[in-house]
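For reference, the structure discussed in these notes is given below.
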Amino acid sequence: MMVGTQNLGVTMPPEMVEVIDQRRSSTKPRSEWIREAVEARLYLEDSDEWEELVQELEVSTEN
């Protein structure tokens, strides 16, 4: 549960913004979608699964 919030500016390539907008539902704000993505990464890092996932992605993009 969030006690408070803080505004944060994030710069990203337009192509990435387009992908985010395509994947989020029309009723979900972009900021909420990005916040959930950050929460997922933090969870994966805390459970030591992040590095394994990154390695798998690197292998799959090499092929």
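Where a number appears in this text, it was derived from the coordinates with a stated rule and is not lab data. In this text, all values refer to a predicted model and were calculated from it rather than measured experimentally. Neighbour counts run over all protein chains shown; Cβ positions are idealised from the backbone, glycine included.
A few remarks follow.
- Of all residues making up region 11-44, the number that are more than 12 Å from the chain's Cα centre (by Cα) and among the hydroxyl-bearing types (Ser, Thr, Tyr): 4
- Taking every residue in region 37-52 that is under 24 Å from ASP21 (Cβ atoms) and free of Cβ contacts under 8 Å to residues at least 60 places away in the same chain and pairing it with any residue that is aromatic (Phe, Trp, Tyr) and surrounded by 11 or more Cβ atoms within 10 Å (Cβ to Cβ), at least 6 positions away or on another chain, the pairs with Cβ-Cβ distances below 8 Å are ARG41/TRP50; LEU44/TRP50.
For every residue, the table says whether it meets (1) loosely packed, with under 10 Cβ neighbours inside 10 Å; (2) not acidic (Asp, Glu).
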{"position": "GLY4", "(1), (2)": "yes, yes"}
{"position": "THR11", "(1), (2)": "yes, yes"}
{"position": "ILE20", "(1), (2)": "no, yes"}
{"position": "GLU32", "(1), (2)": "no, no"}
{"position": "GLU39", "(1), (2)": "no, no"}
{"position": "TYR43", "(1), (2)": "no, yes"}
{"position": "ASP46", "(1), (2)": "yes, no"}
{"position": "TRP50", "(1), (2)": "no, yes"}
{"position": "SER60", "(1), (2)": "yes, yes"}
